[in-house]
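Just below is one structure, and these are the notes that go with it.
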Amino acid sequence: MIERVVIIGGHIQALGLARQVYEKGIEVILLLDTKWAVARFSKAIAKYFLYDSEEQLHQVIMHLCLPHKATLLFPTNDESVEHLSSHYIEYATHFAMGIPNPELVNLFNDKRNAYQFATSHNIPCPKCWYPNTLEDVQNMAQNLPYPVVVKPGIMYSFHATFGKKAYRCDNPDELLSICQRIDAVKYPIDTILIQEFLSGGPKYLYSYGVFAVDGESKVSLMANRIRQNPMDFGNSTTFAKTCYIPQIEEQSNKLLRLVNYFGLGEVEWMYDPTSNTYKFLEINTRAWKWHTISNQLGFSFIGAMIDYYNGKDSTPITYQEVVGWVERLTDWTVVAKEYIKHRMHIKDVCQTYKMPKENAVWQWTDPLPGIMYILMAPILYIKRH
């Protein structure tokens, strides 16, 4: 039986997870690499520990295990997934694990691997090119169908280096300039990819959120991530609403079954209007930012995982009711920017706010995280920039 959940990270994903676990009457402990973490102010947190190195994180984790694997280890970002994966054999001896096995983490955390795997199994993907050297980029630059996007195989290291998720290039000169900049800071060219640009922005961006065991969905839902920050190449969703698209469900489950997937996963898709096809983008092998949209439907993904570990099987359910999720503070900023650019109508925004929705941070029964999130916003902005 799960008696304790250790969550690595303290941002919005972690706050939502902590509240959901707390509602099940289970102890929640946070492991943080910064004190500027909104989740640590929640009443759901029994205690938290700060760490400043991988070694210290490992020591703290090993200190928190309970007999009979009664502690669930759960990551909230790619770095913590990588840490748990690199120590998987040791941790899995003492803990219930909240991630897939290392083979699947390595497959899906590197987009170069993921796209080649998906393509080999006839799952629609954007067209991709895989340079290994700057010379490869120079040789292919004149023959690519512009615009294209330069993006990393592994996101978190690229974003930490360049502060961007991807670069759009409209011609060969721009592509060469971006890749030369990447090469100049010794970031390996053989870890990036060049991809066709899929137009339409977040209105065509969809996700299939799932908890799966042995490749079979236990609970799932789909969402259209209609606003993100920034809108063109967003690092984070600010407003999502549920939807149901049979093709996405079919292709997502095909992918999960192919690899016998275990754990939470967010399978991302982009609709391509030129081919009338939903194209696979990536799988996040952890909780995603808007996962608490499930609260509006009466369940939680981490709750389903805890029930699985506790031997409580359930009938597989795909939820189709239309509800929303919003991170208000950032969403209002996005709306203001897009309105000024004449790319968004207030009437449409108001329609999204009318639907039943889950607030990312604010909760009347747990108000301190919401208050601190507002107070810390300037500090967090400065730290990110």
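The values are calculated or read from the model by the stated rules, or taken from the named source; none is laboratory data. Everything quoted here is computed from the prediction, not taken from an experiment. Don't worry about glycine lacking a Cβ; one is built from the backbone with ideal geometry, like all the others, and counts go over all protein chains shown.
For this structure, a couple of remarks:
- When restricted to residues that are more than 13 Å from the chain's Cα centre (by Cα) and under 15 Å from Thr330 (Cβ atoms), segment 218-231 contains 5.
- Within segment 10-36, the residues that satisfy the criterion of being out of contact with any strand residue (DSSP E or B) (no Cβ under 7 Å at 6 or more places or on another chain), crowded, with 22+ Cβ neighbours inside 10 Å and not basic (Lys, Arg) are Ile12, Gln13, Leu15, Gly16, Gln20.
- Filtered by the rule that a residue be free of Cβ contacts under 8 Å to residues at least 12 places away in the same chain and of a type in the set (A, V, I, L, M, F, W, C), segment 350-370 gives Cys350, Trp364.
- Pairs linking a residue in segment 291-314 that is more than 21 Å from Trp325 (Cβ to Cβ) to a residue that is aliphatic (A, V, I, L, M) and exposed (fewer than 15 other Cβ atoms within 10 Å of the Cβ), with Cβ atoms under 6 Å and 6 or more positions apart or on different chains, are Asn310/Met1.
- Filter pass, Ile2 being in contact with a helix residue (DSSP H, G or I) (Cβ under 6 Å, 6 or more places away or on another chain), among the β-branched types (Val, Ile, Thr) and at pLDDT 95 or above: yes
- Residue in segment 167-175 that is among the charged types (D, E, K, R), part of a loop (DSSP other than H, G, I, E, B) and more than 28 Å from Ile306 (Cβ to Cβ) present: yes
- Only listed residue being buried (at least 18 other Cβ atoms within 10 Å of the Cβ), hydrophobic (A, V, I, L, M, F, W, C) and not assigned by TED's automatic domain parsing to the domain that holds Asn310, chosen from Ala160, Ala141: Ala141
- Extreme residue, surrounded by the fewest Cβ atoms within 10 Å (Cβ to Cβ), among residues of segment 104-127 that are of a type outside the set (Lys, Arg) and touching a Lys or Arg at 6+ places or on another chain (Cβ under 8 Å): His121
- All positions within segment 47-95 that are closer than 27 Å to Leu368 by Cα and either basic (Lys, Arg) or exposed (fewer than 14 other Cβ atoms within 10 Å of the Cβ) (or both): Lys47, Asp52
- All conditions but one from (1) part of a helix (DSSP H, G or I); (2) at pLDDT below 95; (3) over 27 Å from Leu255 (Cα atoms) apply to Met140; the one that does not is (2).
- Close Cβ contacts (under 8 Å, 6 or more residues apart or on different chains) running from residues in segment 236-257 that are in the same structural domain as Asp214 (by TED's automatic domain parsing) to residues that are surrounded by fewer than 15 Cβ atoms within 10 Å (Cβ to Cβ) and hydrophobic (A, V, I, L, M, F, W, C) comprise Lys241/Val322; Lys241/Met355; Thr242/Val322; Cys243/Val322.
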